[in-house]
Structures are given as structure tokens and as C-alpha cells.
Amino acid sequence: MQFEPQLITYVDRLAGDFGGLLDLLEGPLAGAFGGVHLLPFYDPIDGADAGFDPVDHTAVDHRLGDWNDAAHIGANHVVMADLIVNHVSSRSPAFIDWCEHGVRSEHDGMFLTLDRVFPGGPTDAELDSIYRPRPGLPFTDYDVAGVSRRVWTTFTSDQIDIDVDHPAAWRYLLEVLDRFAGAKVDIVRLDAVGYAVKRHGTRCFMLPETFDFIRRLADECHERGMQVLVEIHSHYLTQIEIAGEVDLIYDFALPPLVLHAIYQRDARPLQRWLTVRPTNCVTVLDTHDGIGVIDVAPANGEPGLLEADDIDRLVEAIHSASRGQSRQATGAAASNVDLYQVNCAWFDALGGDDRAHLLARMIQVLVPGVPQVYYAGLLAEHNDMELIGRTGVGRDINRPYYDDHRRRAALARPVVQDTLRLLRWRSAECHLFGGDFELLACDPHQLALAWSHRGHRLEAFFDLADRSYRIELDGRSASAMHDLGSLRSDPGRSASESASA
């Protein structure tokens, strides 16, 4: 497993195009990231859901560049790309052709209709049982060759669900994987895969057949030399179960547990999670989506990592820390595609506090897994209320656009420079994090952990009460970001040499 930090970013929103992103990775961000998750760069990048509704999943939006430009990023960085397995855009040629020609279309059967899952029609109870991420039922009526058909649209009415059981849909997904392999993509992120399989009489989410579908896709990725990361927001026991089936799984429980620890000065739930979580994790604090809470909540009679009252306090604490701005972007307050996440910039979820922000990042990069850092969080961005005011889309509160001036100003901020120091140190010492991890005994308001690898020992101590920390490596200690550079297991080695160890 690669242990260097990875950047999560929209190409256009951070850097304009692929060339601009490469300049950033090799310039101001040099040494901080060994990989990059390129959020959807397909045609178009500005549809109904910021690229997660591709018209052509096999084409790069020409405003960013082409597949060769994407491959240039991968020459010196691990590249992750999204396979959007659940849906396509309503403007895709295949869907338009089906709407025009119906059963005479070569794409007939590729798109999932209500009657395909419920041939005799659903009961009210069956409709109520469907797990859905947004208000209302996940269906939209479309005219198909003069006949009204009720089509599954899990996220928005412009995102048309495909029938993954149909050969036409499977051929479509393999075509995208072949395009990825040709561009030297290293990791395939299975976006929204938990919703991909629907069956009558079920919640239509994370079914046994979903696991079979994931295994089948993973086999195809492995044949093409690519690893698989599964993106699923669900109860933590489901995360543990699916982790055994794939290469990588997100630790979506980490963000709410870190926030809880900082807000309540109580690290016990986080400590408990670190004793049972999978080891093949990608760790995040923020992403292009909101801050999830379902991942730590009770569900279906199973206790959560936090109690229901703790969840309520957590959500209200985010709203309070962000001065109510997150409330304006969450739930029914804006045009949202989810109900189980709080839309808020990570920095504002911590009240814009530099010390809390750096403490959280340090926890993220020191627990087991591959740390991924979202571009807005890297730059300690505040909530973009101007953008959400223009679009009315809740997630846009944390999807800012940067021009050269705004980006340079962000990079110059001390908190951002400290974050980059942390990431460069983590990249240089990434070999340590392939060793043995342990939690150390400490008080409830503290978190203490250790790594041991080839005769080196790293210990880290975090105090949630005063938001202080101390890192020790082979007897040497650092309690400030500028001290990290002195903590080297082998001071003569470069970051690239350490990464290959």
C-alpha cells in the first residue's frame, strides 16, 4: 500500500486545468502529496452535480485538457479517478436515444425503471422502505417513445440510474474502466456504489447482491492493474464488512469522531473506533461532500460509535461553530442530494480555529491509513456563502473556485503553511506508517498512539482539553509544526527515497 498523503481536488476549481494542477503539485505543493484524487473531469464538469453526472464518462472535458494530460499527472503521482457506477446524465446520448426510440433503441434496458424492480407495482410499505439520500421518492417520470416511464433517479432528476444487471450497462462500465487503464489510472473510486443494486422488498441499499457487484467490478479493475476504493456512507459495521472485500475503504467515521473529541474534549469514542476499524483505510476529514454523521450513528437496532443524543449535539455544534452558515446549506435548507451529511467547510466546522485545525490534521495523518486532504480543507477555506447564494446547491458551500490571486493568498496563510509542513513531513516519513500501530493508555481527554518500524519508534500525544500535542521520534520531541523537520528517522533520506522504502 502507498502511504503518502493524497490530494482530493476538482481540477478546474483549484487550478483551472490539468496543466495548472501539475504546476501546483510540482511547485507550491511539492513534497506534500504522493497522489491525487481527480474529482470528475469528464464531459461536462459543470452539470447537475459538479461532474458526477457525466454526459460522456469516457471523455475529458476539453476545458481541462485530455487523457494525455491526465496521464502526465500520473507520471509522478498515484492517480485516483471516479467510476460513477450508479447513474449517467439525462443528457447522455444513450439516454436521449432511449427516450426517442424506446424498445427499438440499442440502449433499451440500460436504464432502471420502477417496473423493472416492482413488476406488479410497489406497495406503500415497499416504497417507504427504500433507503434514499434526499427528500422524496427516487423516481422521475420521462417520456420514452411516447410512453411515460418512471425512471430511478436516486440523487437528482438529471442523474439517471443504470440497471447494473443489464449487459448494456455492464459493457458501459467496462468501457470506462478500459479508458482509465489506458490513461494509467492507479485507483478506481466506486462512487455511490451502495445504491447500485435494487431489489423489491429491500431497502435497495447495500444488499448481498451489492457485495457481489463490488467483487465483480474489483476483479475487472485488478485485471487492468488498478486498485479499488469503495465509497459508502453507512453504519460502521457495514464498513468493516466491506473492507474485507476490496483494496481500500474510506474511514468516514473519523471526521465526526474527531469533531466530537475536539468539541466535547472526549477522545473515548475515537479511541474505541481505532481499536476495531479496518487497516486498509483512506482517512479523510473533509471531501467534496458534506461531513457525514450516519457513519457513527445507531442503525437498525445496532448501537453506533456515538449515541443518538451525541449525534444531535455534534450537528448543533457544527452549526454553532460555523455561525449558522452550515444550517443554511444542510437538509431541506438548500437544494441537496443528501440528508445524512452536514454541509460545511471543515475549517469553519472548527470555528476557524488554527490550533484546532492543525490538531485535527495531525490526528488524521498519524492514525493508520492513507491520508487524503481535500483542497478546500488544505487551504483552510471558509464557507463559500457567495457561491451557494448563486447556485442554491448546499454542497457548494465547500466547493470553492480559486483564481491565481485567491490561491496565492490562501497558500501564504500561516495555518496553510503549517499544514503543508505537516504533510511534507508525513510524506518524508511515510515508511514508518507501514509498521506496527498501537494505542497508548491515557486520560479520556487525551489521545496517545505509537508506531514502530525497523528499530524506529514514533509516539504522539494529543490533549483535547488545551488542543496541544507532542510528537516524539526516537527520543527527539516536537511540539510545533516548524519543529517537525527535525524529526527524521533517517535525516539523510529524501521524501522520494522514504516513499520507496
Next item on the list: State the dimensionless ratio Rg/Rh of segment 145-226 (Rg: radius of gyration of Cα atoms; Rh: Kirkwood radius).
Entry: 1.01
Next item on the list: Please work out the Cα center distance from segment 445-492 to segment 208-243, rounded to the nearest Å.
Entry: 34
Note to self: Quick check for me: using +1 on Lys/Arg Cβ and -1 on Asp/Glu Cβ, what's the dipole size of segment 93-161 about its Cα centre, in debye to the nearest 20?
What the structure shows: 120
Item checked: Entry for percent of Cα pairs over 29 Å apart (calculated from the structure that is shown) out of [x] 63; [y] 54; [z] 50 -> [z]
Margin query: Suppose a student asked you for the relative contact order of segment 276-417, using Cα pairs under 8 Å spaced at least 6 residues apart; what percent would you report?
Written below: 29
Margin query: Explain nothing, just compute: Karplus ³J(HN,Hα) = 6.51 cos²θ - 1.76 cosθ + 1.60, θ = phi - 60°, for every residue of segment 136-152 in order, whole Hz, x for Gly and Pro.
Written below: x, 8, x, 9, 9, 7, 10, 7, 10, 6, x, 10, 6, 10, 8, 9, 5
Next item on the list: Could you tell me which of Leu39, Gln328, Val55 has its Cα farthest along the dipole of the chain towards the positive end, charges placed at Cβ (Lys, Arg +1; Asp, Glu -1), taken about the Cα centre?
Entry: Gln328
Next item on the list: Using a Förster distance of 30 angstrom, determine the FRET efficiency expected from the C-beta separation of Asp353 and Ala308, and round it to 0.05.
Entry: 0.65
Checklist line | Compactness relative to 2.2 N^0.38 Å, alpha carbon Rg of segment 93-161 | finding: 1.13
Check: What's the exposure ranking of Leu350, Leu359, going from fewest to most Cβ atoms within 10 Å?
Finding: Leu359, Leu350
Check: Quick one: Thr58, Thr238, Thr123, fewest Cβ neighbours within 10 Å first, how do they rank?
Finding: Thr123, Thr58, Thr238
Check: Want the number for Ala480 to Met385: 0.36 nm per residue separation, take away the alpha-carbon distance, what's left?
Finding: 31.0 nm
Checklist line | 222 nm mean residue ellipticity, helices alone, for the chain (DSSP H n ≥ 4; -39,500 (n - 2.57); rounded to 500) | finding: -9500 deg cm²/dmol
Margin query: I need Asp43, Asp66, Asp436 ordered by Cβ neighbour count within 10 Å, fewest first.
Written below: Asp436, Asp66, Asp43
Next item on the list: Among DSSP beta bridges whose residues both lie in the chain, state the antiparallel percentage, nearest 5.
Entry: 55
Notebook entry, point to check: Listed highest first by mean packing, meaning other Cβ atoms within 10 Å per residue, what order do 144-154, 184-194 come in?
Noted result: 184-194, 144-154
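Rule-based calculations on the coordinates, nothing more; no lab input. Just so it is clear, the structure is predicted and the values come from calculations on it, not from any experiment. Note that we place each Cβ from the backbone using ideal geometry, even for glycine, and neighbour counts take in every protein chain shown.
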